[in-house]
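The next block holds one structure in the form of structure tokens; read it before the comments.
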Amino acid sequence: MTNVAGHLREQNGMYQMILSWKDTNGKRRTKSISTGLPVKGNKKRAESLLRKTQKEFNPETMQ
């Protein structure tokens, strides 16, 4: 299983998850996923969603 790193960023007042991993060729890949959560008052919820997404994310299914 591939180790997927991730962090949160704010964009247009919403949290976005940025996931990164190395593919089979050793090249760094990234994917940006919107949480749909507004920044105000949702940091812990966004962090929880990020951790869950990192565990469940499977880069092999990416195209």
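Readers should treat all values here as calculations from the given coordinates under stated rules, not as data from a laboratory. All figures in this text were calculated on a predicted structure; none of them were measured in a lab. So basically every Cβ, Gly included, is an ideal-geometry build from the backbone, and we count neighbours across all protein chains shown.
Looking at T2, is it in contact with an Asp or Glu (Cβ under 8 Å, 6 or more places away or on another chain) and part of a loop (DSSP other than H, G, I, E, B)? Quick ask: steps written out before the conclusion?
Numbers: in contact with an Asp or Glu (Cβ under 8 Å, 6 or more places away or on another chain): yes; part of a loop (DSSP other than H, G, I, E, B): yes.
Against the criterion (in contact with an Asp or Glu (Cβ under 8 Å, 6 or more places away or on another chain) and part of a loop (DSSP other than H, G, I, E, B)), T2 qualifies.
Of the conditions (1) among the charged types (D, E, K, R); (2) free of Cβ contacts under 8 Å to residues at least 24 places away in the same chain; (3) assigned to a helix (DSSP H, G or I), R9 clears all except one; give me its number.
(3)
What number of residues within the range 2-16 are exposed (fewer than 10 other Cβ atoms within 10 Å of the Cβ) and at negative phi? Spell out the reasoning first.
Filtering the range 2-16 down to residues exposed (fewer than 10 other Cβ atoms within 10 Å of the Cβ) leaves 3, 12-13.
Within this subset, residues satisfying the condition of being at negative phi are 3.
Here the count works out to 1.
Can you tell me which condition S20 does not meet? The list is (1) in a loop (DSSP other than H, G, I, E, B); (2) surrounded by 13 or more Cβ atoms within 10 Å (Cβ to Cβ), and all the others hold.
Going through (1) in a loop (DSSP other than H, G, I, E, B); (2) surrounded by 13 or more Cβ atoms within 10 Å (Cβ to Cβ) one by one, S20 breaks only (1).
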